[in-house]
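Okay, so here's the structure we're looking at.
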Amino acid sequence: MVQRFAMNSQEQLVELGQKYLYPNYRQPPLVLSRGQGCEVWDKNGRRYLDFTAGIAVNSLGHAHPVLVRAIATQAALLCHTSNYFFNEPNVLLAEKLCGATHMARAFFCNSGTEAIEACLKLARRHFFDSGAPERVRVIAFEKSFHGRTLGALAATGQAAYRDGFGPLGPVSHVPYGSLEAVNGVFDQDVAAIIVEPIQGEGGVVPGSPEFLRGLRQSCDDQGVLLIADEIQTGVGRTGRFLALEHAGVRADVVALAKGLGGGFPIGAMVCTAALATALPPGSHGTTFGGNPLASAAALAVLETLETEGLVAHAGQLGRHLAGLLKALKDQRPDVINDVRGMGLLQAIELDSALDARGIVGKLRDRGLLVTVAGGQSLRLSPPLIATEADCAEALQIIDDVLSPKSTGDLS
Ligand SMILES: *Cc1c(COP(=O)(O)O)cnc(C)c1O
């Protein structure tokens with residue numbers, strides 16, 4: 001199986017990628033070809049400890065036998081049916097996901113940005129049908145990230161993603177954490193507030209419980225919907241199935257994706273019973289969404305989170321990892337400005353004089369994969385199956401790379 005592409009060398013593949021792939025990314029010159037647990041290997045057989053998990057996606061790590069079996073078995077049975085028909089894994093997944101999120105209904109799609117589109121369309125249509133068609137505007141936050149289709153991009157609060165794509169739909173962006181700013185932009189045309197409980201791409205910035213509870217209160221006072229973007233924080237990563245649970249807050253609509261399929265593309269919008277008729281038949285849909293193969297993968301992920309106790313584990317290991325990061329920051333206040341996060345979504349904010357992208361490259365050279373978030377933070381989002389030994393190895397590499405003898409050439 002691993003031998004399938006054996007005749008291509010890493011160098012040849014990098015050359016082809018650089019020649020034919022649309023150059024909207026900046027991949028380093030290596031090709032990942034195999035993974036197991038928290039480890040991945042490139043085409044040259046070089047091993048890396050994977051603390052990206054494909055941007056918080058591979059919740060069960062790589063090649064988890066339960067996920068592998070679920071996908072292989074379902075692929076041999078039925079991959080796709082379209083939504084003209086029910087299919088078994090999808091129905092079972094809907095039941096399980098509604099149970100895990102304490103929601104009434106689930107709509108499935110193929111990515112995070114599509115889950116956000118479903119949330120935004122649901123909000124508009126809900127008010128349209130309930131006699132308030134003027135409610136079209138959304139309140140969102142500066143430094144937020146909600147995806148890249150035009151609706152989700154309108155909600156995204158970062159110029160780097162938005163520039164050159166306007167005009168974008170009616171959204172008011174206010175500072176994250178400020179209830180005063182939120183309440184200052186309310187008017188009769190607002191349909192929803194959309195919030196990440198922890199801003200992921202914005203640099204792993206947790207919203208305080210008071211802030212998140214205040215948003216719920218404002219939505220109730222104004223009669224608008226609270227949309228939670230849990231695409232990065234959901235499915236157990238923070239130590240609860242939804243990150244909003246830490247604040248004791250329930251949203252009206254939740255967007256999920258990333259960790260849900262454990263690497264198989266799937267997104268979901270889940271909502272309360274009160275919104276179950278907001279998108280009537282024909283008003284929204286997708287050809288691939290909820291297909292048996294993706295559903296079987298997500299079902300296997302949810303079942304494995306339960307059988308292996310991975311949500312609680314993410315919380316415990318996250319506290320351990322946060323402790324290690326705090327100790328590192330105390331040792332190196334000259335290069336680390338802040339460490340923050342929840343569960344297995346943690347970040348090290350580097351001093352502004354340091355080149356974060358360059359440091360990610362140096363960590364990779366030493367065998368550790370992490371991502372940059374918010375421009376200046378190293379984001380650690382290991383698989384939920386990671387161990388204390390994995391965290392120790394990661395911290396050792398980070399410590400080495402940030403050590404005084406190597407920081408000379410880090411800026
Ligand atoms: C990744 C992400 C998205 C977009 O998901 P895609 O699958 O890339 O479309 C939206 N919101 C948040 C919070 C995300 O982290």
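A few comments on the model shown:
- The mean accessible area for residues of segment 186-246, using a 1.4 Å probe and ignoring ligands and nucleic acids, is 28 Å² per residue.
- Integer Hz, Karplus 6.51/-1.76/1.60 couplings in order for segment 387-394, x for Gly and Pro: 10, 4, 5, 4, 5, 4, 5, 4
- Inter-centroid distance (Cα atoms) of segment 203-227 relative to segment 251-326, Å: 21 Å
- Computed per residue of the chain from DSSP H runs no shorter than four, each worth -39500 (n - 2.57), the mean residue ellipticity at 222 nm is -11500 deg cm²/dmol.
- Its Cα gyration tensor gives segment 183-300 an equivalent ellipsoid. The semi-axes, each the square root of 5 times an eigenvalue, are 26, 20, 11 Å from largest down.
- For L225, nonlocal amide neighbours, meaning residues 5 or more places apart or on other chains whose placed amide H falls under 5 Å from its own, are A192, I193.
- Shape analysis of the chain based on the Cα gyration tensor places the equivalent ellipsoid semi-axes at 34, 27, 20 Å, largest first.
- Surface composition of the chain: carbon plus sulfur atoms hold 55% of the accessible area, using a 1.4 angstrom probe and ignoring ligands, DNA and RNA.
- What the phi angles of segment 265-273 give under the Karplus curve with 6.51, -1.76 and 1.60, with θ = phi - 60°, is a coupling list of x, 7, x, 8, 10, 10, 9, 6, 4 Hz, glycine and proline written as x.
- Chymotrypsin sites (Phe, Trp or Tyr not before Pro) within segment 1-74, DSSP loop, no more than 15 other Cβ atoms inside 10 Å: Y25
- Taking the convex hull of the alpha carbon positions in segment 1-119 and averaging its projected area over all directions gives 10.3 nm².
- Our Cα-only numbers for segment 329-411 put the radius of gyration and Dmax at 11.9, 35 Å.
- Seen from a random direction on average, the alpha-carbon convex hull of segment 114-153 projects onto 2.9 square nanometres.
- Extreme residue, positive dipole direction of segment 1-43, given options Y22, A6, G37 (C-beta unit charges): Y22
- Cα point-scatterer Debye curve for segment 18-60, base-10 log of I(q)/I(0) at q = 0.30, 0.32 Å⁻¹: -1.08, -1.13
- Per residue solvent-accessible surface (Å²) - segment 258-383, probe of 1.4 Å: 37 Å²
- Set of segment 163-202 residues, backbone N closer than 11 Å to the point 7 Å along the Cα-Cβ line of E134: 187-190
- Cα-only Debye scattering, segment 54-120: base-10 log of I(q)/I(0) at q = 0.13, 0.18, 0.27 Å⁻¹: -0.50, -0.99, -1.29
- As a ratio to 2.2 N^0.38 Å, the alpha-carbon radius of gyration computed for segment 216-266 takes the value 1.25.
- Orientation-averaged projected area, Cα convex hull of segment 292-340 (nm²): 4.7 nm²
- Extension gain from E95 to R213, taking 0.36 nm per residue of separation minus the Cα-Cα distance: 39.8 nm
- For segment 242-348, the share of alpha carbon pairs falling in successive 10 Å distance bins from zero is 12, 29, 31, 18, 8, 2 percent.
- Reported to the nearest whole Å, the Cα centre-to-centre distance from segment 331-408 to segment 157-171 is 30.
- Normalised per residue, the accessible area of segment 30-159 is 47 Å², obtained with a 1.4 Å probe and no contribution from ligands, DNA or RNA.
- Springs join every pair of Cα atoms under 10 Å in this Gaussian network model of the chain, and among A191, A314, A392 the largest mean-square fluctuation is at A392.
- Our Cα-only numbers for segment 146-221 put the radius of gyration and Dmax at 12.8, 36 Å.
The values are calculated or read from the model by the stated rules, or taken from the named source; none is laboratory data. Note that the coordinates shown come from a computational prediction; the quantities given were computed from them, not determined experimentally. All Cβ positions, glycine included, derive from the backbone under ideal geometry; neighbour counts span all protein chains shown. Calculation scope for accessible area: heavy atoms of the full protein, side chains included, ligands and nucleic acids excluded. Shrake-Rupley method; radii C 1.70, N 1.55, O 1.52, S 1.80 Å.
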